[in-house]
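The values are calculated or read from the model by the stated rules, or taken from the named source; none is laboratory data. Every value quoted in this text rests on a predicted model; they were computed, and no experiment measured them. All Cβ positions, even for glycine, are placed from backbone atoms using ideal geometry, and neighbour counts span all protein chains on display.
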């Protein structure tokens, strides 16, 4: 085993049961860590896919209770979708960015721009059940962190993730939607680089990079919703608290939009 | 030391010298691996920041040789930029997406949409020298892979990266611009999830996620341009060759654009 100076390990916790509303997610994580013989440390970063958070928080909708609007009905008919699920997407959207080919790109109430407002039927038990994003992913992250501290006296940072598409590039990537105990952005502006030059645009979205890294061990089909990132050292770990919404770009500043 | 079933390690190779045009990058990487006491394996993924690739390939421009156009001059004057550098950005662009506040978002000849067409002065030796993207990052990746095979008989996958901004979200993240020996996208469509439901939109840009993961160890200021990802298992490792351009979304298909 190599022990290099500069390395980060992403450790998947495999022993999670199916999460249902009301379950104690911190307890489930600690059980999974124990089953993996892993002691959590203060400087670990615990990365959790939002779906288990949403399930534990009861953010599930039974489509049999949903009355689709005319808009939802028309769109669903045109593209062969479930009108009730389209209706849930519309309800979870603050603003529709694009609505075409059966896909709705919208801005959620949190400010995230993503497909179908984060409403998702995959990896959810029950044929008519869909899963929403957590109401306040930062609060969810902070709650998990505090519950873990209460149980074992350790305070890892927590990142809650979802997989988002993006313009110009194929494929989805995992990003951070909620954080606790870590600054999601690291600002290198004004610091000299290796050649003594001042760097001009280097604000790095490390929480998104950590989220993407975690996806390498969670995969998409299995039941591995918890990843521990170990060995990551960065200004973002030590500069106090940040929020997932720090990752949102104000429209007026967004040259890429 | 924990030995979990499911983990990925990102190992930074720290011993790289300043790369100059004509240097044998494969040799530099192998020396760095040796100095880190690391034996490369066939199933490793070697992740390399494009800047060292560009430098080795001589993709550097001396601004003292550049005659700025009128457009470059006007834009530079308005925003307090170096007109010669603006001129290089315009030359490296196939299409200007946006040009405001001193920043040019453009589409490069490769098809990448990024700030300043990937032209960058940070971490480059020489006050008047700027660094361009490699001409063909896939070819660069394949060349590195082949040179490493020739030297030590091992064929890790290779990913060449750059840090890109993106719409809607703050901060830049590392993405893949060239690949060899790995499919950059893993397609889970049509496979049943954990509950036997067929997943509908799950094409994951694993090369981008690997690139982002690597940035966690390279940082931005230091001299750690090489990262080995070890322990990553995925369909993308076994399903043959892909290209970095597989990650480019055709405009006609791009609902996020």
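Here is a check on your reading of the model: is residue A:29 within 17 Å of the chain's Cα centre (by Cα), part of a strand (DSSP E or B) and not assigned by TED's automatic domain parsing to the domain that holds residue A:126?
So residue A:29 fails the test.
For residue A:11, are the conditions met, namely being away from chain B (no Cβ under 14 Å) and in contact with a strand residue (DSSP E or B) (Cβ under 7 Å, 6 or more places away or on another chain)?
On the way: away from chain B (no Cβ under 14 Å): no; in contact with a strand residue (DSSP E or B) (Cβ under 7 Å, 6 or more places away or on another chain): yes.
Judged against the criteria, residue A:11 is not a match.
Is it the case that residue A:155 is at pLDDT 90 or above, surrounded by fewer than 22 Cβ atoms within 10 Å (Cβ to Cβ) and not in a strand (DSSP E or B)?
yes
Under 7 Å between Cβ atoms, which residue pairs at least 6 apart in sequence (or on different chains) link something in the range B:230-257 that is under 20 Å from residue A:257 (Cβ atoms) with a partner that is at pLDDT below 85 and part of a loop (DSSP other than H, G, I, E, B)?
B:251/B:257
What number goes with the only condition from (1) surrounded by 24 or more Cβ atoms within 10 Å (Cβ to Cβ); (2) at pLDDT 95 or above that residue A:166 does not pass?
The failed condition is (2).
For residue B:96, which of the numbered conditions (1) free of Cβ contacts under 8 Å to residues at least 24 places away in the same chain; (2) surrounded by fewer than 23 Cβ atoms within 10 Å (Cβ to Cβ); (3) in contact with a strand residue (DSSP E or B) (Cβ under 9 Å, 6 or more places away or on another chain); (4) away from chain A (no Cβ under 13 Å) fails to hold?
Condition not satisfied by residue B:96: (4).
Would you tally the residues in the range A:173-185 being facing chain B (nearest Cβ under 9 Å) and surrounded by fewer than 24 Cβ atoms within 10 Å (Cβ to Cβ)?
Pass one, the range A:173-185, residues facing chain B (nearest Cβ under 9 Å): A:173-175, A:184-185.
This time we only want the ones that are surrounded by fewer than 24 Cβ atoms within 10 Å (Cβ to Cβ), so: A:185.
Matching residues across the range A:173-185 total 1.
Whether any residue in the range A:46-66 is within 14 Å of another protein chain (Cβ to nearest Cβ), crowded, with 21+ Cβ neighbours inside 10 Å, farther than 27 Å from residue B:216 by Cα and out of contact with any helix residue (DSSP H, G or I) (no Cβ under 8 Å at 6 or more places or on another chain) is what I want to check.
Within the range A:46-66, one or more residues are within 14 Å of another protein chain (Cβ to nearest Cβ), crowded, with 21+ Cβ neighbours inside 10 Å, farther than 27 Å from residue B:216 by Cα and out of contact with any helix residue (DSSP H, G or I) (no Cβ under 8 Å at 6 or more places or on another chain).
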